[in-house]
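The values are calculated or read from the model by the stated rules, or taken from the named source; none is laboratory data. Quick caveat, the model's predicted, so the values are computed rather than measured. Because the Cβ atoms are built from the backbone with ideal geometry, glycine has one as well, and the counts that use them run over all protein chains shown. Only protein heavy atoms, including side chains, enter the accessible area calculation; ligands, DNA and RNA are left aside. Shrake-Rupley method; radii C 1.70, N 1.55, O 1.52, S 1.80 Å.
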Amino acid sequence: LTKCIKNLLKTIKWIVGEADRFKGPVTLNHGDFHSRNVFFSSDRAVIFDWQQAERGKPVRDVIYWLITSVETKNFNEYKPVLIEAYLKGLRDNGIEGCDKKAFMRDFTETAFQLIPRVYCYQTLIDLSDEDQHELQNFLDNAELLAKENHMLAPLRAARVFAPLIMTILKWIGKR
């Protein structure tokens with residue numbers, strides 16, 4: 001456990017260093033952008049639940065939406081469509097430096113951060129039996145992204161830590 005904590009502290013230091021070196025377009029990210037936080041009416045969409053909003057790479061909300069709001073069977077079909085539509089939206093609204101090559105580089109880097117979060121997320125929420133399909137969809141989509149971006153190591157680490165976190169939370173009576 002001591003070794004894991006030391007490695008975690010190294011990782012946190014690395015992430016902070018990466019944030020300091022961040023270059024490229026910055027946008028407002030929702031932070032929890034999934035289909036349950038969007039209300040659709042006949043002619044528009046309203047996005048709510050902005051508690052986790054932050055400045056950051058535009059790609060973050062795209063990846064989060066793909067993981068949390070696209071059925072796994074449609075993932076490979078919808079991914080390029082969503083990316084192209086998002087890039088067009090950024091350009092149409094004056095965000096410079098959003099070429100597809102840079103966006104896809106950021107996609108890989110950001111996916112590396114988000115994939116383990118999705119696994120850890122499952123330990124922090126109480127899901128009804130009906131929501132189990134949704135959770136499995138999250139995990140399946142995270143796995144697709146991990147395989148596609150050659151990130152099986154963080155995926156494996158998350159698979160180990162998520163049950164560990166769940167066990168600790170149960171042990172201390174938080175879940």
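General remarks:
- Comparing 116, 89, 29 along the charge dipole axis of the chain, the residue lying farthest to the positive side is 116, per the Cβ-charge model.
- Over region 60-145, the fraction of Cα-Cα pairs per 5 Å bin, rounded to whole percents and listed from the shortest bin up, is 3, 14, 23, 23, 16, 11, 7, 3, 1.
- Estimated translational diffusion coefficient (Stokes-Einstein, Kirkwood radius over Cα pairs, 20 °C, 1.002 mPa s) of region 47-88: 188 µm² per second.
- For residue 29, the residues whose modelled amide H falls within less than 5 Å of its own, excluding neighbours fewer than 5 places apart on the same chain, are 54, 55, 56.
- Within the accessible area of region 55-147 (1.4 Å probe), percent carbon and sulfur: 52 percent
- Computed label-point distance, nm, for sites residue 132 and residue 147 using a 7 Å Cα→Cβ extension: 2.3 nm
- Computed over the chain with a Gaussian network model linking Cα atoms closer than 10 Å, the most mobile of 25, 116, 80 is 80.
- Gain on full stretching of the segment that runs from residue 171 to residue 44 - 0.36 nm per residue minus C-alpha separation: 41.2 nm
- Ranked by the mean number of other Cβ atoms within 10 Å of their residues, highest first, the peptides 105-111, 47-53, 85-91 come out as 105-111, 85-91, 47-53.
- Where the chain is the region considered: accessible area per residue in Å², 1.4 Å probe: 65 Å²
- The chain - percent relative contact order, Cα under 8 Å, separation 6 or more: 19 percent
- Secondary-structure-derived ellipticity at 222 nm for the chain, considering helices only, amounts to -21000 deg cm²/dmol, per-run term -39500 (n - 2.57) for DSSP H runs with n ≥ 4.
- Heavy-atom accessible area order for 104, 151, largest first, 1.4 Å probe: 104, 151
- The chain: translational diffusion in µm²/s, Stokes-Einstein, Kirkwood Rh over Cα pairs, 20 °C, 1.002 mPa s: 122 µm²/s
- Taken one residue at a time, the phi angles of region 152-157 give Karplus couplings (6.51, -1.76, 1.60, θ = phi - 60°) of 6, 5, x, 5, 5, 4 Hz. Gly and Pro are set to x.
- Which of 65, 137, 41, positive extreme of dipole for region 32-145 (C-beta unit charges): 65
- Magnitude of the charge dipole for the chain, about its Cα centre and with charges confined to Cβ atoms of Lys, Arg (+1) and Asp, Glu (-1), is about 960 debye.
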